[in-house]
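Here the structure comes first, spelled out in C-alpha coordinates, and everything after it is commentary.
The values are calculated or read from the model by the stated rules, or taken from the named source; none is laboratory data. Owing to the predicted nature of the structure, the values given are computational and were not obtained by experimental measurement. Here the Cβ positions follow ideal geometry from the backbone for every residue, glycine too, while neighbour counts run over all protein chains shown.
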Amino acid sequence: MTHFGIFCPASTGHLNTMIPLGSELLRRGHRVTVFNFLDAQATTLASGLEFQPLGEDEFPAGASAEGLAQMGKLSGLTALRYTIKLITQGSDILLSQAPAILKKAGVEALLVDQVSLEGGTIADFLNIPYITICSALMLNREPNIPPVVTTWQYSPTWKGRLRNQIGYQLFNLLTKPIRETIAESRLQWKLPLYSHPNDHYSKLAQISQQPAKFEFPRQNLPAYFHFTGPFHNPATRKSVSFPFEKLTGKPLIYASMGTILNHSEVFQIIASACEGLDAQLVISLGGGATPESLPPLPGNPLVVGYAPQLELLQKATLTITHAGMNTTLESLSNGVPMVAIPVANDQPGVAARIAYTGVGEVVSLKELSVSKVRSAIVKVLTQESYKQRAIEMQGAIGRSGGVKRAADIIEQAVLTGKPVLASKI
(Lines give C-alpha, C1' and ligand atoms only; values in the text may rest on other atoms or scores of the structure.)
Protein backbone atom coordinates (compact mmCIF):
# COMPACT_ATOMS: atom_id res chain seq x y z
CA MET A 1 0.00 0.00 0.00
CA THR A 2 1.19 3.51 -0.89
CA HIS A 3 0.15 6.72 0.85
CA PHE A 4 -0.65 9.12 -1.99
CA GLY A 5 -0.98 12.86 -1.57
CA ILE A 6 -3.00 14.96 -4.01
CA PHE A 7 -2.30 18.57 -4.98
CA CYS A 8 -4.85 20.45 -7.09
CA PRO A 9 -6.76 23.74 -7.11
CA ALA A 10 -9.77 23.90 -4.79
CA SER A 11 -12.18 24.55 -7.67
CA THR A 12 -14.88 22.06 -8.66
CA GLY A 13 -13.43 21.38 -12.11
CA HIS A 14 -10.14 20.11 -10.71
CA LEU A 15 -11.58 18.27 -7.71
CA ASN A 16 -14.05 16.46 -9.99
CA THR A 17 -11.06 14.99 -11.84
CA MET A 18 -8.65 14.27 -9.01
CA ILE A 19 -11.14 12.82 -6.52
CA PRO A 20 -12.32 9.97 -8.82
CA LEU A 21 -8.67 9.12 -9.45
CA GLY A 22 -7.95 9.13 -5.72
CA SER A 23 -11.08 7.03 -5.10
CA GLU A 24 -9.90 4.39 -7.58
CA LEU A 25 -6.54 4.17 -5.79
CA LEU A 26 -8.36 3.96 -2.45
CA ARG A 27 -10.47 1.09 -3.84
CA ARG A 28 -7.22 -0.71 -4.69
CA GLY A 29 -6.07 -0.55 -1.08
CA HIS A 30 -3.95 2.59 -1.08
CA ARG A 31 -4.23 5.49 1.30
CA VAL A 32 -5.09 8.84 -0.31
CA THR A 33 -4.99 12.30 1.27
CA VAL A 34 -5.95 15.56 -0.41
CA PHE A 35 -3.82 18.50 0.73
CA ASN A 36 -5.71 21.68 -0.01
CA PHE A 37 -7.39 24.82 1.29
CA LEU A 38 -10.41 24.47 3.58
CA ASP A 39 -12.96 25.04 0.82
CA ALA A 40 -12.04 21.63 -0.63
CA GLN A 41 -12.64 19.80 2.64
CA ALA A 42 -16.35 18.96 2.41
CA THR A 43 -16.15 17.59 -1.14
CA THR A 44 -13.06 15.55 -0.30
CA LEU A 45 -14.42 13.99 2.87
CA ALA A 46 -17.75 13.20 1.21
CA SER A 47 -15.85 11.11 -1.33
CA GLY A 48 -14.20 9.00 1.38
CA LEU A 49 -10.70 10.40 0.90
CA GLU A 50 -8.67 11.89 3.74
CA PHE A 51 -8.14 15.65 3.94
CA GLN A 52 -5.32 17.75 5.34
CA PRO A 53 -5.78 21.55 5.33
CA LEU A 54 -3.12 23.95 4.13
CA GLY A 55 -3.00 27.72 4.50
CA GLU A 56 -5.73 27.87 7.15
CA ASP A 57 -4.74 31.41 8.18
CA GLU A 58 -4.14 32.72 4.67
CA PHE A 59 -7.11 30.93 3.04
CA PRO A 60 -9.78 30.41 5.72
CA ALA A 61 -13.08 28.73 4.87
CA GLY A 62 -14.82 30.70 2.15
CA ALA A 63 -11.68 32.39 0.82
CA SER A 64 -11.33 30.14 -2.23
CA ALA A 65 -15.01 30.47 -3.01
CA GLU A 66 -14.74 34.24 -2.71
CA GLY A 67 -11.81 34.25 -5.13
CA LEU A 68 -13.73 32.14 -7.63
CA ALA A 69 -16.75 34.42 -7.29
CA GLN A 70 -14.56 37.41 -8.11
CA MET A 71 -13.12 35.52 -11.09
CA GLY A 72 -16.67 34.88 -12.28
CA LYS A 73 -17.10 38.60 -12.88
CA LEU A 74 -14.12 38.66 -15.22
CA SER A 75 -13.24 37.29 -18.63
CA GLY A 76 -10.39 37.13 -21.12
CA LEU A 77 -7.01 38.59 -20.17
CA THR A 78 -8.34 40.19 -16.98
CA ALA A 79 -9.57 36.82 -15.73
CA LEU A 80 -6.27 35.17 -16.70
CA ARG A 81 -4.27 37.75 -14.74
CA TYR A 82 -6.49 37.24 -11.71
CA THR A 83 -6.14 33.46 -11.99
CA ILE A 84 -2.35 33.75 -12.11
CA LYS A 85 -2.45 35.98 -9.03
CA LEU A 86 -4.43 33.34 -7.12
CA ILE A 87 -2.14 30.54 -8.31
CA THR A 88 0.96 32.51 -7.24
CA GLN A 89 -0.50 33.07 -3.75
CA GLY A 90 -1.36 29.39 -3.47
CA SER A 91 2.07 28.29 -4.68
CA ASP A 92 3.81 30.45 -2.10
CA ILE A 93 1.71 28.91 0.70
CA LEU A 94 2.22 25.34 -0.48
CA LEU A 95 5.96 25.75 -0.91
CA SER A 96 6.33 27.14 2.61
CA GLN A 97 3.93 24.79 4.43
CA ALA A 98 3.43 21.57 2.49
CA PRO A 99 6.86 19.88 2.83
CA ALA A 100 6.70 19.62 6.63
CA ILE A 101 3.01 18.61 6.61
CA LEU A 102 3.53 15.94 3.94
CA LYS A 103 6.57 14.56 5.73
CA LYS A 104 4.70 14.35 9.02
CA ALA A 105 1.77 12.61 7.28
CA GLY A 106 4.09 10.01 5.77
CA VAL A 107 3.15 10.69 2.16
CA GLU A 108 5.10 8.40 -0.17
CA ALA A 109 4.04 9.69 -3.61
CA LEU A 110 2.25 12.72 -5.04
CA LEU A 111 -0.42 13.17 -7.70
CA VAL A 112 0.05 16.72 -8.93
CA ASP A 113 -2.48 18.59 -11.03
CA GLN A 114 -0.56 20.04 -13.98
CA VAL A 115 -1.56 23.60 -13.08
CA SER A 116 -0.13 23.15 -9.55
CA LEU A 117 3.37 23.84 -10.81
CA GLU A 118 4.92 23.87 -7.34
CA GLY A 119 4.00 20.22 -6.72
CA GLY A 120 6.98 18.75 -8.53
CA THR A 121 9.40 20.95 -6.61
CA ILE A 122 7.90 19.85 -3.29
CA ALA A 123 8.20 16.20 -4.35
CA ASP A 124 11.81 16.75 -5.43
CA PHE A 125 12.63 18.33 -2.07
CA LEU A 126 11.06 15.41 -0.19
CA ASN A 127 12.66 12.93 -2.60
CA ILE A 128 9.38 11.17 -3.34
CA PRO A 129 7.94 10.25 -6.78
CA TYR A 130 5.20 12.31 -8.36
CA ILE A 131 2.86 11.89 -11.31
CA THR A 132 1.52 14.81 -13.35
CA ILE A 133 -2.26 14.76 -13.92
CA CYS A 134 -3.68 17.03 -16.65
CA SER A 135 -7.15 17.86 -15.32
CA ALA A 136 -7.45 20.88 -17.58
CA LEU A 137 -6.23 21.18 -21.16
CA MET A 138 -2.72 19.75 -21.34
CA LEU A 139 -0.10 22.51 -21.01
CA ASN A 140 2.90 20.80 -22.64
CA ARG A 141 4.49 23.22 -25.07
CA GLU A 142 5.49 22.54 -28.66
CA PRO A 143 6.36 25.03 -31.43
CA ASN A 144 3.37 23.96 -33.56
CA ILE A 145 0.83 24.05 -30.69
CA PRO A 146 -0.79 27.41 -29.84
CA PRO A 147 -0.91 28.59 -26.21
CA VAL A 148 -3.91 27.10 -24.42
CA VAL A 149 -5.25 30.55 -23.54
CA THR A 150 -5.95 31.32 -27.20
CA THR A 151 -8.54 30.13 -29.72
CA TRP A 152 -5.83 29.94 -32.38
CA GLN A 153 -6.15 27.00 -34.71
CA TYR A 154 -3.40 24.49 -35.41
CA SER A 155 -1.11 25.81 -38.17
CA PRO A 156 2.18 23.89 -38.66
CA THR A 157 3.67 26.65 -40.83
CA TRP A 158 6.42 29.17 -40.17
CA LYS A 159 3.77 31.84 -39.69
CA GLY A 160 1.92 29.63 -37.23
CA ARG A 161 5.09 28.84 -35.28
CA LEU A 162 6.05 32.53 -35.14
CA ARG A 163 2.56 33.41 -33.91
CA ASN A 164 2.81 30.70 -31.24
CA GLN A 165 6.29 31.84 -30.19
CA ILE A 166 5.09 35.40 -29.64
CA GLY A 167 2.06 34.08 -27.75
CA TYR A 168 4.25 32.00 -25.44
CA GLN A 169 6.54 34.97 -24.79
CA LEU A 170 3.56 37.03 -23.67
CA PHE A 171 2.30 34.13 -21.57
CA ASN A 172 5.74 33.86 -19.95
CA LEU A 173 5.49 37.49 -18.88
CA LEU A 174 2.10 36.88 -17.29
CA THR A 175 3.23 33.75 -15.43
CA LYS A 176 6.61 35.14 -14.35
CA PRO A 177 5.54 35.56 -10.67
CA ILE A 178 4.70 31.85 -10.40
CA ARG A 179 7.97 30.73 -11.96
CA GLU A 180 10.00 33.11 -9.77
CA THR A 181 8.30 31.80 -6.61
CA ILE A 182 9.17 28.22 -7.57
CA ALA A 183 12.73 29.15 -8.60
CA GLU A 184 13.36 30.78 -5.22
CA SER A 185 12.39 27.58 -3.43
CA ARG A 186 14.52 25.43 -5.72
CA LEU A 187 17.53 27.66 -5.04
CA GLN A 188 16.88 27.56 -1.30
CA TRP A 189 16.54 23.77 -1.38
CA LYS A 190 19.59 23.36 -3.63
CA LEU A 191 17.59 21.79 -6.45
CA PRO A 192 18.53 22.35 -10.11
CA LEU A 193 16.60 25.17 -11.75
CA TYR A 194 14.18 24.43 -14.55
CA SER A 195 15.35 25.42 -18.02
CA HIS A 196 12.02 24.93 -19.85
CA PRO A 197 8.34 25.16 -18.82
CA ASN A 198 7.91 21.44 -19.58
CA ASP A 199 10.48 20.65 -16.86
CA HIS A 200 7.80 21.25 -14.20
CA TYR A 201 6.13 17.95 -15.08
CA SER A 202 6.85 14.40 -13.95
CA LYS A 203 9.56 12.31 -15.57
CA LEU A 204 7.79 9.11 -14.51
CA ALA A 205 4.35 9.60 -16.07
CA GLN A 206 2.14 12.40 -17.31
CA ILE A 207 -1.54 11.54 -17.62
CA SER A 208 -4.16 13.54 -19.51
CA GLN A 209 -7.89 12.96 -19.24
CA GLN A 210 -8.20 13.99 -22.88
CA PRO A 211 -8.46 11.23 -25.43
CA ALA A 212 -5.65 11.54 -27.97
CA LYS A 213 -8.27 12.19 -30.65
CA PHE A 214 -9.26 15.44 -28.90
CA GLU A 215 -5.90 17.14 -29.39
CA PHE A 216 -3.94 18.90 -32.10
CA PRO A 217 -1.27 16.73 -33.79
CA ARG A 218 1.59 16.32 -31.33
CA GLN A 219 5.21 15.57 -32.23
CA ASN A 220 7.28 16.24 -29.10
CA LEU A 221 5.46 14.60 -26.21
CA PRO A 222 7.62 12.53 -23.84
CA ALA A 223 7.38 8.76 -24.23
CA TYR A 224 5.77 8.58 -20.77
CA PHE A 225 2.80 10.81 -21.72
CA HIS A 226 -0.55 9.01 -21.61
CA PHE A 227 -3.99 9.95 -22.97
CA THR A 228 -6.37 7.95 -20.79
CA GLY A 229 -9.66 9.72 -21.34
CA PRO A 230 -11.77 11.26 -18.55
CA PHE A 231 -11.99 10.12 -14.94
CA HIS A 232 -15.71 10.83 -14.44
CA ASN A 233 -17.37 8.81 -11.70
CA PRO A 234 -20.99 9.55 -10.74
CA ALA A 235 -20.43 7.84 -7.39
CA THR A 236 -18.01 10.59 -6.30
CA ARG A 237 -20.39 13.41 -7.24
CA LYS A 238 -22.68 15.06 -4.72
CA SER A 239 -26.31 14.14 -5.33
CA VAL A 240 -28.27 17.02 -6.89
CA SER A 241 -32.05 17.18 -6.98
CA PHE A 242 -33.65 18.05 -10.31
CA PRO A 243 -37.28 18.29 -11.51
CA PHE A 244 -37.05 15.58 -14.14
CA GLU A 245 -40.86 15.57 -14.33
CA LYS A 246 -40.64 19.01 -16.00
CA LEU A 247 -38.76 17.66 -19.02
CA THR A 248 -41.13 17.72 -21.98
CA GLY A 249 -39.61 15.03 -24.16
CA LYS A 250 -38.54 17.53 -26.80
CA PRO A 251 -34.87 17.53 -27.87
CA LEU A 252 -32.93 18.74 -24.83
CA ILE A 253 -30.45 21.63 -25.07
CA TYR A 254 -28.33 21.69 -21.91
CA ALA A 255 -26.56 24.98 -21.14
CA SER A 256 -23.86 25.20 -18.50
CA MET A 257 -21.24 27.93 -18.24
CA GLY A 258 -19.44 26.23 -15.37
CA THR A 259 -19.33 26.88 -11.64
CA ILE A 260 -17.59 30.27 -11.84
CA LEU A 261 -19.20 32.51 -14.47
CA ASN A 262 -21.88 34.85 -13.13
CA HIS A 263 -22.52 37.01 -16.22
CA SER A 264 -26.32 36.90 -16.26
CA GLU A 265 -26.42 38.57 -19.68
CA VAL A 266 -24.83 35.44 -21.19
CA PHE A 267 -27.80 33.37 -20.04
CA GLN A 268 -30.15 36.00 -21.46
CA ILE A 269 -28.49 35.64 -24.86
CA ILE A 270 -28.55 31.84 -24.73
CA ALA A 271 -32.24 31.81 -23.82
CA SER A 272 -33.10 34.28 -26.58
CA ALA A 273 -31.14 32.22 -29.10
CA CYS A 274 -33.09 29.08 -28.19
CA GLU A 275 -36.51 30.74 -28.11
CA GLY A 276 -38.84 29.29 -30.69
CA LEU A 277 -36.76 26.22 -31.43
CA ASP A 278 -38.45 22.83 -31.27
CA ALA A 279 -36.41 21.97 -28.21
CA GLN A 280 -36.35 22.41 -24.44
CA LEU A 281 -33.60 24.50 -22.89
CA VAL A 282 -32.25 23.60 -19.45
CA ILE A 283 -29.85 26.11 -17.88
CA SER A 284 -27.57 25.18 -14.99
CA LEU A 285 -26.20 28.29 -13.27
CA GLY A 286 -23.48 26.33 -11.50
CA GLY A 287 -23.58 28.47 -8.38
CA GLY A 288 -22.54 31.64 -10.20
CA ALA A 289 -26.09 32.96 -9.69
CA THR A 290 -29.47 31.77 -8.45
CA PRO A 291 -32.62 31.29 -10.52
CA GLU A 292 -34.32 33.96 -8.40
CA SER A 293 -31.60 36.51 -9.19
CA LEU A 294 -32.24 36.33 -12.94
CA PRO A 295 -34.96 38.29 -14.71
CA PRO A 296 -37.52 36.22 -16.64
CA LEU A 297 -35.74 34.55 -19.55
CA PRO A 298 -37.14 34.35 -23.09
CA GLY A 299 -38.77 31.04 -24.00
CA ASN A 300 -39.33 30.06 -20.35
CA PRO A 301 -36.34 27.68 -20.04
CA LEU A 302 -35.95 25.38 -17.07
CA VAL A 303 -33.35 27.12 -14.85
CA VAL A 304 -31.66 25.50 -11.84
CA GLY A 305 -28.81 26.52 -9.57
CA TYR A 306 -27.08 23.17 -10.00
CA ALA A 307 -27.90 20.25 -12.26
CA PRO A 308 -27.05 16.54 -12.22
CA GLN A 309 -24.91 17.07 -15.28
CA LEU A 310 -23.94 13.47 -15.99
CA GLU A 311 -27.58 12.39 -15.95
CA LEU A 312 -28.82 15.26 -18.11
CA LEU A 313 -26.12 14.73 -20.72
CA GLN A 314 -27.46 11.22 -21.25
CA LYS A 315 -30.66 12.89 -22.45
CA ALA A 316 -29.16 15.92 -24.24
CA THR A 317 -29.10 16.66 -27.96
CA LEU A 318 -26.79 19.67 -27.67
CA THR A 319 -24.60 21.25 -24.97
CA ILE A 320 -23.97 24.97 -24.77
CA THR A 321 -20.80 25.31 -22.73
CA HIS A 322 -17.99 27.60 -21.60
CA ALA A 323 -15.65 24.91 -22.96
CA GLY A 324 -14.43 23.81 -19.57
CA MET A 325 -12.58 20.53 -19.98
CA ASN A 326 -14.88 18.51 -17.73
CA THR A 327 -18.15 19.60 -19.33
CA THR A 328 -16.62 19.17 -22.78
CA LEU A 329 -15.42 15.63 -22.11
CA GLU A 330 -18.62 14.67 -20.31
CA SER A 331 -20.60 15.84 -23.34
CA LEU A 332 -18.39 13.88 -25.71
CA SER A 333 -18.59 10.81 -23.45
CA ASN A 334 -22.29 10.87 -24.27
CA GLY A 335 -21.83 11.67 -27.97
CA VAL A 336 -23.31 15.16 -27.54
CA PRO A 337 -22.04 17.95 -29.86
CA MET A 338 -21.54 21.47 -28.53
CA VAL A 339 -21.73 25.20 -29.02
CA ALA A 340 -18.79 26.64 -27.09
CA ILE A 341 -18.62 30.14 -25.60
CA PRO A 342 -15.15 30.23 -23.99
CA VAL A 343 -14.66 32.72 -21.19
CA ALA A 344 -11.11 32.51 -19.78
CA ASN A 345 -7.97 30.52 -18.95
CA ASP A 346 -7.75 27.24 -20.93
CA GLN A 347 -11.33 27.45 -22.24
CA PRO A 348 -10.29 29.18 -25.50
CA GLY A 349 -7.87 26.31 -26.16
CA VAL A 350 -10.54 23.70 -25.47
CA ALA A 351 -12.91 25.58 -27.78
CA ALA A 352 -10.24 25.58 -30.51
CA ARG A 353 -10.12 21.78 -30.27
CA ILE A 354 -13.92 21.56 -30.38
CA ALA A 355 -13.75 23.39 -33.69
CA TYR A 356 -10.71 21.46 -34.95
CA THR A 357 -12.27 18.06 -34.30
CA GLY A 358 -15.63 19.12 -35.74
CA VAL A 359 -17.65 18.25 -32.63
CA GLY A 360 -19.13 21.73 -32.33
CA GLU A 361 -19.11 25.42 -33.14
CA VAL A 362 -17.45 28.28 -31.27
CA VAL A 363 -18.81 31.76 -30.54
CA SER A 364 -16.33 34.12 -28.90
CA LEU A 365 -17.43 36.12 -25.85
CA LYS A 366 -16.45 39.36 -27.61
CA GLU A 367 -18.76 38.59 -30.55
CA LEU A 368 -21.55 37.13 -28.45
CA SER A 369 -25.00 37.95 -29.79
CA VAL A 370 -28.36 36.26 -30.10
CA SER A 371 -27.98 35.88 -33.86
CA LYS A 372 -24.51 34.33 -33.67
CA VAL A 373 -25.45 31.87 -30.93
CA ARG A 374 -28.69 30.91 -32.69
CA SER A 375 -26.89 30.41 -35.98
CA ALA A 376 -24.33 28.13 -34.28
CA ILE A 377 -27.09 26.17 -32.51
CA VAL A 378 -29.08 25.62 -35.69
CA LYS A 379 -25.94 24.60 -37.58
CA VAL A 380 -24.96 21.97 -35.01
CA LEU A 381 -28.50 20.65 -34.70
CA THR A 382 -29.17 20.36 -38.43
CA GLN A 383 -25.83 19.22 -39.86
CA GLU A 384 -25.32 15.54 -39.13
CA SER A 385 -21.51 15.77 -39.20
CA TYR A 386 -21.35 17.32 -35.72
CA LYS A 387 -23.32 14.50 -34.12
CA GLN A 388 -21.35 11.90 -36.07
CA ARG A 389 -17.99 13.29 -34.96
CA ALA A 390 -19.20 13.53 -31.36
CA ILE A 391 -20.17 9.85 -31.54
CA GLU A 392 -16.74 9.01 -32.97
CA MET A 393 -15.16 10.89 -30.06
CA GLN A 394 -17.40 8.97 -27.68
CA GLY A 395 -15.95 5.76 -29.07
CA ALA A 396 -12.39 7.07 -28.70
CA ILE A 397 -13.09 7.94 -25.07
CA GLY A 398 -14.51 4.48 -24.45
CA ARG A 399 -11.31 2.92 -25.78
CA SER A 400 -8.96 5.19 -23.80
CA GLY A 401 -9.17 3.35 -20.49
CA GLY A 402 -10.25 6.14 -18.17
CA VAL A 403 -9.59 6.12 -14.44
CA LYS A 404 -8.64 2.44 -14.24
CA ARG A 405 -5.91 2.82 -16.85
CA ALA A 406 -4.66 5.97 -15.14
CA ALA A 407 -4.45 4.11 -11.82
CA ASP A 408 -2.54 1.25 -13.52
CA ILE A 409 0.02 3.75 -14.81
CA ILE A 410 0.37 5.42 -11.41
CA GLU A 411 0.87 2.12 -9.60
CA GLN A 412 3.49 0.96 -12.08
CA ALA A 413 5.40 4.26 -11.88
CA VAL A 414 5.51 4.21 -8.08
CA LEU A 415 6.29 0.48 -7.86
CA THR A 416 9.18 0.55 -10.34
CA GLY A 417 10.42 4.11 -9.91
CA LYS A 418 10.93 4.15 -13.68
CA PRO A 419 9.16 6.04 -16.48
CA VAL A 420 6.02 4.23 -17.67
CA LEU A 421 6.13 4.33 -21.47
CA ALA A 422 2.86 4.85 -23.28
CA SER A 423 3.34 1.67 -25.31
CA LYS A 424 3.77 -0.40 -22.14
CA ILE A 425 0.24 0.09 -20.78
* **Selection from region 168-184 of residues that are β-branched (Val, Ile, Thr) and closer than 24 Å to THR151 by Cβ** => THR175, ILE178
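Please state which one of THR319, THR327 is assigned to a helix (DSSP H, G or I) and buried (at least 24 other Cβ atoms within 10 Å of the Cβ).
Going through THR319, THR327 in turn, the sole match is THR327.
Residue-by-condition table, conditions (1) touching a residue at least 24 places away in the same chain (Cβ under 8 Å); (2) not basic (Lys, Arg); (3) not assigned by TED's automatic domain parsing to the domain that holds LEU221:
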| site | (1), (2), (3) |
| --- | --- |
| THR121 | yes, yes, no |
| PRO129 | yes, yes, no |
| ILE133 | yes, yes, no |
| THR157 | no, yes, no |
| ILE166 | no, yes, no |
| PHE171 | yes, yes, no |
| LYS176 | no, no, no |
| SER195 | no, yes, no |
* Filter result for the condition that a residue is farther than 20 Å from THR132 by Cα and either within 15 Å of the chain's Cα centre (by Cα) or not assigned by TED's automatic domain parsing to the domain that holds ILE283 (or both), over ALA235, ALA212, ALA223 -> ALA235
* Asked: Can you tell me which residues in region 27-62 are part of a helix (DSSP H, G or I) and either among the hydroxyl-bearing types (Ser, Thr, Tyr) or surrounded by fewer than 18 Cβ atoms within 10 Å (Cβ to Cβ) (or both)?
  -> ARG27, GLN41, ALA42, THR43, THR44, LEU45, ALA46, SER47
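What residue, of GLY349, GLY360, is crowded, with 22+ Cβ neighbours inside 10 Å, under 26 Å from ALA271 (Cα atoms) and out of contact with any helix residue (DSSP H, G or I) (no Cβ under 9 Å at 6 or more places or on another chain)? I'd like the intermediate steps shown before the answer.
On the way: GLY360 fails: out of contact with any helix residue (DSSP H, G or I) (no Cβ under 9 Å at 6 or more places or on another chain).
On inspection, the qualifying residue turns out to be GLY349.
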* To do: Could you please let me know if ARG218 is under 30 Å from LEU126 (Cβ atoms) and not assigned by TED's automatic domain parsing to the domain that holds LYS379?
  => no
* Failed item in (1) outside the structural domain of ALA212 (by TED's automatic domain parsing); (2) β-branched (Val, Ile, Thr); (3) not in a loop (DSSP other than H, G, I, E, B), with VAL343 passing the rest -> (3)
* Structure fact -> Picking from THR228, THR236, THR248, the residue that is touching a strand residue (DSSP E or B) at 6+ places or on another chain (Cβ under 7 Å), within 30 Å of ALA413 (Cα to Cα) and among the polar types (S, T, N, Q) would be THR228
* Asked: If ILE354 satisfies every condition in (1) out of contact with any helix residue (DSSP H, G or I) (no Cβ under 6 Å at 6 or more places or on another chain); (2) buried (at least 18 other Cβ atoms within 10 Å of the Cβ); (3) without any contact (Cβ under 8 Å) to a residue 24 or more places away in the chain but one, which is the exception?
  -> (3)
* To do: Identify, from the list VAL380, VAL420, the residue that is β-branched (Val, Ile, Thr) and either within 14 Å of THR317 (Cα to Cα) or assigned by TED's automatic domain parsing to the domain that holds THR319 (or both).
  => VAL380
* To do: Identify, by number, the condition in (1) touching a Gly at 6+ places or on another chain (Cβ under 8 Å); (2) at pLDDT 95 or above; (3) closer than 29 Å to GLU392 by Cα that PHE225 doesn't meet.
  => (1)
* Asked: For SER364, all conditions in the list (1) in a loop (DSSP other than H, G, I, E, B); (2) polar (S, T, N, Q); (3) in the same structural domain as ARG218 (by TED's automatic domain parsing) hold save one; what is the number of the exception?
  -> (3)
* Residue in region 139-154 that is more than 30 Å from ILE354 (Cβ to Cβ) and of a type outside the set (Ser, Thr, Tyr) present -> no
* In region 262-284, how many are touching a helix residue (DSSP H, G or I) at 6+ places or on another chain (Cβ under 9 Å) and at pLDDT below 90? -> 2
* Asked: of a type in the set (Phe, Trp, Tyr) and surrounded by 13 or more Cβ atoms within 10 Å (Cβ to Cβ) - does that describe any residue in region 155-166?
  -> no
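Every residue, every condition in (1) within 20 Å of THR328 (Cα to Cα); (2) surrounded by 15 or more Cβ atoms within 10 Å (Cβ to Cβ); (3) over 25 Å from the mean Cα position of the chain (by Cα), yes or no:
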residue	(1), (2), (3)
SER369	no, no, yes
ARG374	yes, yes, yes
ILE377	yes, yes, no
GLN383	yes, no, yes
GLN394	yes, yes, no
THR416	no, no, yes
VAL420	no, yes, no
SER423	no, no, yes
* Of the conditions (1) within 18 Å of the chain's Cα centre (by Cα); (2) at pLDDT 95 or above, GLN309 clears all except one; give me its number. => (2)
* Would you be able to tell me the number of residues in region 1-23 that are at pLDDT 95 or above, within 14 Å of GLN114 (Cα to Cα) and part of a helix (DSSP H, G or I)? => 1
* To do: Return yes when ALA109 is assigned by TED's automatic domain parsing to the domain that holds GLN206, crowded, with 17+ Cβ neighbours inside 10 Å and among the hydrophobic types (A, V, I, L, M, F, W, C) and no when it is not.
  => yes
* So which pairs qualify, if the first residue must be in region 329-351 and at negative phi, the second must be basic (Lys, Arg), the Cβ gap must be under 9 Å, and the two must be at least 6 apart or on different chains? -> ASN334/LYS315; VAL336/LYS387; PRO337/LYS387; PRO337/ARG389; VAL339/LYS379
